[in-house]
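One structure is given here, and the rest of the page talks about it.
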């Protein structure tokens, strides 16, 4: 009986037809993204043998988040379905271009970096659109928290499956044939997105000044201390925690654990498995009390897992540590998104979420700094420093009184 209740809770938002289409499209797009990351990260590492350049590649995937506030304005001004289709078509186009280069043996490092920079813009835009359109697809607003949890579960599942599939395919059929599969998956994601029929939102007046919109958003965030605290935590984890699995792990797998591409895929999958477990836990926890406390706990636990990973030299021991890091990451990011969607006024949703995704730009900085530390010293040193900085800043936020707004949330 309890199992049926849990299943009913976890699938409550899945009853909405439009949400199902978004979820299926997200799954396909996410699988292709993760496969592409493993393929290109391994290509850069094998071609350059430089942890720093692997970090540069990883950071370029997120460089487009610099323009996230403008993505949010577009999300509030224009038809969200049409914009989403255009953005997801961009994934397929860029992947197809890299496939052509690979098939003609013309793929070189500078081209990978250039296309990845463009991919970063598309990826950042897609993140803002995905979050902004989500409430428009739900028949029952009460299922919003569950929808966020399910959406995160889907993304976590793709991060679990994608790296393993890519690692195995790389070792069996090579880069070009693997890229054929990636392009096909991206195309199917676009086709499914076209089936979405969201409720039309109130479109902003296009004549409104862009700078005026940005100014209004900044003023709102500065006055709403809860929103400000959430965004500060978002910046922190992007600088100190996310570089672990988005930049350092390929080098850690090869140089510290002595693993190949298949082993890297398994490590990334273990992190994503933990994230999936965390997402499931949040999705079935309806009416979660004191969510702000869970956000703080998840942030601290995530950095502590990274600290323990920095001390590991064993492949077997690294697996449960990455699993634990994935659980903490998911709790942190799912609750962070739920809180923003709950507390931000609807008319500013796209613009505030644009700023939230701008916080992801901290990942670019974090990956570059982490890559530089790994180049100068070792990967474990970079992990160790990141973990201590993360825990230390959370402590400073508490001393400064910035966390009291989160503790007060019911």
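The values are calculated or read from the model by the stated rules, or taken from the named source; none is laboratory data. It should be emphasised that the depicted structure is a prediction, and the values quoted were computed from it without experimental measurement. As a convention, Cβ positions derive from the backbone with ideal geometry for all residues, glycine included, and neighbour counts pool all protein chains shown.
Just a few scattered comments:
- The conditions of being modelled with pLDDT of 75 or more and either crowded, with 22+ Cβ neighbours inside 10 Å or over 28 Å from residue 259 (Cα atoms) (or both) are met by residue 195.
- Qualifying position, being closer than 30 Å to residue 253 by Cβ, crowded, with 24+ Cβ neighbours inside 10 Å and either over 17 Å from the mean Cα position of the chain (by Cα) or at pLDDT 85 or above (or both), among 311, 329: 329
- Among the helices (runs of 4 or more DSSP H) confined to segment 311-410, the ones with at least 1 residues that are closer than 18 Å to residue 225 by Cα are located at 315-343, 349-358, 379-399, 404-407.
- Filter pass, residue 157 being within 27 Å of residue 264 (Cβ to Cβ) and either touching a strand residue (DSSP E or B) at 6+ places or on another chain (Cβ under 9 Å) or at pLDDT 85 or above (or both): no
- Among residues of segment 47-69, those that are within 19 Å of the chain's Cα centre (by Cα) and assigned to a helix (DSSP H, G or I), counted: 14
- Taken residue by residue, segment 384-406 has no member that is buried (at least 21 other Cβ atoms within 10 Å of the Cβ) and within 16 Å of residue 127 (Cβ to Cβ).
- On inspection, residue 373 fails the criterion of being crowded, with 17+ Cβ neighbours inside 10 Å, closer than 30 Å to residue 78 by Cα and at pLDDT 85 or above.
- Filter result for residue 85 (under 29 Å from residue 353 (Cβ atoms) and surrounded by 21 or more Cβ atoms within 10 Å (Cβ to Cβ)): no
- Hey, residue 107 farther than 22 Å from residue 359 by Cα and surrounded by fewer than 16 Cβ atoms within 10 Å (Cβ to Cβ) or not: no
- Only one entry in 243, 206, 291 is at pLDDT below 85, out of contact with any strand residue (DSSP E or B) (no Cβ under 6 Å at 6 or more places or on another chain) and surrounded by 15 or more Cβ atoms within 10 Å (Cβ to Cβ), namely 291.
- Candidate set: segment 246-262, residues that are in a helix (DSSP H, G or I) and modelled with pLDDT under 80; chosen: the one farthest from residue 63 (Cα to Cα): 262
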